[in-house]
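Read through the structure below, which is laid out as structure tokens, and then see the notes.
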Amino acid sequence: MGAPHDVEVADDPRLFQANERTLLAWLRTGVSLITFGFVIAKTSVWVRKEEPLIATRGADLIGALFVLLGTLTEIVGVTRFLRTRAALLAGRPAPPGATEIVAIGASVAMLGLLLTAYALI
């Protein structure tokens with residue numbers, strides 16, 4: 001009779017470790033996006049204080065969108081981690097799919113283009 005906290009362990013613990021490293025990469029990416037968005041938004045506030053005639057509302061919006069995207073990245077990362085962990089514990093292959101990854105990548109690219117256009121105006 002095992003301890004009450006025993007969990008079924010996959011044959012290769014490296015799979016769980018790889019899943020955890022992937023989660024950490026998602027979390028780092030999310031924190032980076034949140035931080036970048038915060039810096040953009042707060043810099044526009046500072047510019048507005050120093051130079052009230054300069055319009056910076058676009059930067060506020062772009063910064064807020066980066067923060068939102070970073071938050072969504074955190075949610076996607078945790079969701080993918082939990083799905084993969086459950087599959088590994090059940091002895092199934094990791095669930096395929098890169099829809100979230102492509103969507104986040106495309107969103108970052110779109111926001112980058114918006115930021116570039118805003119900087120050139």
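A few comments on the model shown:
- Span-like helix ranges in the chain, DSSP H, alpha carbon extent 15 angstrom or more, Kyte mean at least 0.5: 57-89, 99-120
- When the surface is traced with a 1.4 Å probe over the full set of protein chains, Val102 keeps roughly 100 Å² accessible.
- Projection of the Cα convex hull of the chain, averaged over all directions and equal to a quarter of that hull's surface, yields 9.9 nm².
- On a per residue basis, the chain carries 69 Å² of accessible surface, using protein heavy atoms and a 1.4 Å probe.
The values are calculated or read from the model by the stated rules, or taken from the named source; none is laboratory data. Everything numeric here is computed off the predicted structure, so don't read it as measured data. Only protein heavy atoms, including side chains, enter the accessible area calculation; ligands, DNA and RNA are left aside. Shrake-Rupley method; radii C 1.70, N 1.55, O 1.52, S 1.80 Å.
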